[in-house]
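Working notes, beginning with the structure itself.
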Amino acid sequence: MKNLAPAIFPPEGVADAKPDNKAVLDWVHEIATLTQPENIFWCDGSEREHEFLIGESVNQNVLMELNQERVPRSYLHRSNPNDVARVEQFTFVCTPTKEEAGPTNNWSDPTETYAKLRGLLVGAMRGRTMFVIPYIMGPADSPLAKIGFEITDSKYVVLSLRIMTRMGEIALKRLGNDPNAEWNRGVHSLLDVNPERRFICHFPQDNTIISVGSGYGGNVLLSKKCLALRIGSYLARKQNWMAEHMLILGVESPEGRKHYVAAAFPSACGKTNFAMLIPPEHFKGWKVTTIGDDIAWMQIRNGRLYAVNPENGYFGVVPGTSNRSNPNAMRSIAHDTIYTNVALTDDGDVWWEGRDVEPPAHAIDWRGNDWTPQSSEKAAHPNSRFTTPMRNNPALDPDIEKGEGVPISAIIFGGRRSDTVPLVYQAFDWNHGVYLGATMASETTAAATGAVGRVRRDPMAMLPFCGYNIGDYFQHWLDIGKQLTKPPLIFNVNWFRKGTDGKFLWPGFGENMRVLKWIIDRCEGSGGALKSPIGWLPSPHDLDLAELDIDHIAVDELLCLDHEEWQKEIAAHEEYFDSLGGVVPEELQKQREQLAERFRL
Ligand code: OXD
Ligand code: MN
């Protein structure tokens, strides 16, 4: 390590987590030689280091200290207004061939892309500190756990990763000094935060990620979408496990029977709210606990799927979060939280649209401009976020650190659909369930740049996150199913169906417990259902709707199948499969034909 710039930046005793692994040291040396930082900071994730970096970030206006009485140990970050969401159009999967990346990913040639990125990284950290962050995804003793290193020149990334991952010494210990150990190489540089030089590139065959030109969330917290999903899904296929964009929750009945379910909804469709659901009064004695709110890594054990949450914190959408929609999230973000792009009130608190307190008479909006309730602009960006430790969650499941994971009884797919798709239905079997996931669609949200409210197919909510050919991904699902003797039952939900008046038919939030209860009943073999062309559908009396203020017409509308809408839907499935250019497995084509046939019967 002689050629490295001396670590002059951190005070003595802070940030000394240098790994004893030659492969890591060589890589850090290579990146430092390329980017020429002023100094290198080996992050250890300690409290002392954290305080030091918070102090530096506040001094340099990377973070603003909030009112410490209202939101203790919490800070506000404003990203560059040109950099407020994941950029799917600048996200690349650089497998050796285009076929491996498949029809749904942007592909670029790995040799050319490495050369382009190396060019951009030359001297990129001159005058800056280079942070080296070791972290583990998953409980440290889990067979599913993965080690990553992220090099970054952003303190915001370091502080966020300390919340989102298990960081520091714990990762070095698990890595050990085997130069052939598996670990992910992540390089991030802000460069000049210019959209023209913004690229999020994955090299799954090298377990490598390079992200430049952004300072925002999913683009730069490389542990999350980049490692846990894109590289994760690639490794999962090779190693026979699953990396999925799913929340994981536990449901316990008053009698103490417990089930775990995993649910895949596209970004900003309420995964965090569902994962932290508080059952309504009518379900007294029922308990819902959170394992994870965004990502599930699942392995096969004794013929079942077992899931762990690879993350250690939540990076959730703020607008709409309130004591009505998600009291557990409100309690989680009441302290030790980094807010990004929300509004700042005059008394140093935070505010956003959908928060259940009166709008302030004056605030500073997410861009740093004056704001009043009369302003035409939003005070908080629609994709503003909280980054908060999962241990803040009052409903955290006690088995969160269980290395083998928790057994999954049901998998739920869902999207945001104004019409066509009923509140809930159940697949006939695993392969039919894979078809439900593969044909999932949702109206787009602000979580990614681009038009909002357009229906797009988002298979298994993995469209932006599958790190290889989507056809092979579907086949992997089918292959996993063949190995399960007790597969989870598969369901589809839609909380967002609208009536003819354009209003949502279903109250959502805590009331989703009623749907969850039917799902659990089905898992226990007790819930009633009718066989329909699309799967098992509850009739209104199969759902427990007691003490719910909803009229029976709305319930009928929520559960009805409109054959004309479904003809269009099936045609859209066919069109989607065709658009993938022949990669869709035969079995799923067969499922589509069978679905069409069931409507003809
Ligand atoms: C997320 C997303 O940030 O899916 O979780 O966009
Ligand atoms: Mn997500």
What tally of residues in region 329-352 results from selecting those that are more than 13 Å from LEU76 (Cα to Cα) and either without any contact (Cβ under 8 Å) to a residue 24 or more places away in the chain or surrounded by 21 or more Cβ atoms within 10 Å (Cβ to Cβ) (or both)? 4
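Residues being of a type in the set (Val, Ile, Thr), at pLDDT 95 or above and open to solvent by 10 Å² or more (accessible area, probe 1.4 Å): count how many of those fall in region 292-320.
Kept after step one, since they are of a type in the set (Val, Ile, Thr), are these residues of region 292-320: 295, 300, 308, 317-318.
Subset that is at pLDDT 95 or above: 295, 300, 308, 318.
When the remaining residues are screened for being open to solvent by 10 Å² or more (accessible area, probe 1.4 Å), the result is 300.
Adding up the residues that qualify gives 1.
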Answer yes or no: is there a residue in region 191-202 that is of a type in the set (A, V, I, L, M, F, W, C), within 20 Å of the chain's Cα centre (by Cα) and within 16 Å of ligand 1 (Cβ to nearest atom). yes
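Looking at the structure I just gave you, is ILE163 open to solvent by 10 Å² or more (accessible area, probe 1.4 Å), assigned to a helix (DSSP H, G or I) and within 16 Å of ligand 1 (Cβ to nearest atom)?
Values: open to solvent by 10 Å² or more (accessible area, probe 1.4 Å): yes; assigned to a helix (DSSP H, G or I): yes; within 16 Å of ligand 1 (Cβ to nearest atom): yes.
Answer is yes for this residue.
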Out of ALA268, ALA243, ALA275, I need the residue that is among the aliphatic types (A, V, I, L, M), open to solvent by 10 Å² or more (accessible area, probe 1.4 Å) and either under 27 Å from ALA546 (Cβ atoms) or within 16 Å of ligand 1 (Cβ to nearest atom) (or both). Which one? ALA268
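Could you tell me whether any residue of region 358-367 is among the aromatic types (Phe, Trp, Tyr) and in contact with a His (Cβ under 7 Å, 6 or more places away or on another chain)?
Let us first name the residues in region 358-367 that are among the aromatic types (Phe, Trp, Tyr), namely 366.
From what is left, the residues that are in contact with a His (Cβ under 7 Å, 6 or more places away or on another chain) are 366.
Yes, region 358-367 contains at least one residue that is among the aromatic types (Phe, Trp, Tyr) and in contact with a His (Cβ under 7 Å, 6 or more places away or on another chain).
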Determine the pairs where a residue that is closer than 20 Å to ASP419 by Cα, located within region 543-556, has a partner that is assigned to a loop (DSSP other than H, G, I, E, B) with Cβ atoms under 6 Å apart, the partner being 6 or more residues away or on another chain. ALA554/LEU505
Restricting the search to region 559-601, which residues are in contact with a Pro (Cβ under 7 Å, 6 or more places away or on another chain) and more than 30 Å from ASP544 (Cα to Cα)? LEU580, GLY581, VAL583
Restricting to region 59-90, and then to whatever is in contact with a helix residue (DSSP H, G or I) (Cβ under 8 Å, 6 or more places away or on another chain) and part of a strand (DSSP E or B), can you tell me which residue is farthest from ligand 1 (Cβ to nearest atom)? GLU65
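Scanning for something buried (at least 20 other Cβ atoms within 10 Å of the Cβ) and part of a loop (DSSP other than H, G, I, E, B), does region 432-445 turn up at least one residue?
So in region 432-445, the residues buried (at least 20 other Cβ atoms within 10 Å of the Cβ) come out as 433-442.
Subsequent filtering for residues that are part of a loop (DSSP other than H, G, I, E, B) retains 439-440.
The answer is yes; a qualifying residue exists.
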Regarding ALA228, is this residue surrounded by 20 or more Cβ atoms within 10 Å (Cβ to Cβ) and away from ligand 2 (no atom under 16 Å from the Cβ)? no
Name the single residue that is surrounded by the fewest Cβ atoms within 10 Å (Cβ to Cβ) among those in region 1-39 being at pLDDT below 95 and under 30 Å from the mean Cα position of the chain (by Cα). LYS18
Residues (more than 30 Å from GLU56 (Cα to Cα), surrounded by fewer than 21 Cβ atoms within 10 Å (Cβ to Cβ) and in contact with a Pro (Cβ under 7 Å, 6 or more places away or on another chain)) located in region 77-127: GLU88, PRO96
Could you check region 375-402 and list, in sequence order, the residues that are open to solvent by less than 10 Å² (accessible area, probe 1.4 Å) and closer than 22 Å to ASP141 by Cα? MET390, ASP397
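Quickly run through region 541-551 and pick out the residues that are loosely packed, with under 12 Cβ neighbours inside 10 Å and farther than 14 Å from PRO280 by Cα. Can you show your working first?
At the first step, the residues of region 541-551 found to be loosely packed, with under 12 Cβ neighbours inside 10 Å are 541, 546-547, 549, 551.
Listed by number, the residues that qualify are HIS541, ASP551.
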Which numbered condition GLU511 fails, given (1) of a type in the set (D, E, K, R); (2) over 26 Å from ALA596 (Cα atoms); (3) free of Cβ contacts under 8 Å to residues at least 40 places away in the same chain: (3)
Restricting to region 412-440, count the residues that are away from ligand 2 (no atom under 16 Å from the Cβ) and under 17 Å from the mean Cα position of the chain (by Cα). 0
Those residues that are in contact with a strand residue (DSSP E or B) (Cβ under 9 Å, 6 or more places away or on another chain), assigned to a helix (DSSP H, G or I) and among the charged types (D, E, K, R), I need them from region 446-474; list them, please. none
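Would you pick out the residues in region 464-482 that are within 16 Å of ligand 1 (Cβ to nearest atom) and open to solvent by 10 Å² or more (accessible area, probe 1.4 Å)? Quick ask: steps written out before the conclusion?
Our first condition is that a residue be within 16 Å of ligand 1 (Cβ to nearest atom); within region 464-482, this holds for 464-467.
Across region 464-482, the qualifying residue is only PRO464.
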(1) surrounded by fewer than 18 Cβ atoms within 10 Å (Cβ to Cβ); (2) modelled with pLDDT of 95 or more; (3) more than 30 Å from THR444 (Cα to Cα): which one isn't true of SER74, the others all being true? (1)
Strands (runs of 3 or more DSSP E) contained entirely in region 201-320, each with at least 2 residues that are β-branched (Val, Ile, Thr) and touching a residue at least 40 places away in the same chain (Cβ under 8 Å): 208-212, 247-252, 287-292
Do you know which residues across region 378-416 are modelled with pLDDT under 95 and more than 17 Å from GLY316 (Cβ to Cβ)? GLY415
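The values are calculated or read from the model by the stated rules, or taken from the named source; none is laboratory data. Given the structure is predicted, the values throughout are model-derived calculations rather than measurements. Reconstructed Cβ throughout: ideal geometry from the backbone, glycine too, with neighbour counts over all protein chains shown. Surface areas here come from the heavy atoms of the whole protein model, side chains and all, with no ligands, DNA or RNA. Shrake-Rupley method; radii C 1.70, N 1.55, O 1.52, S 1.80 Å.
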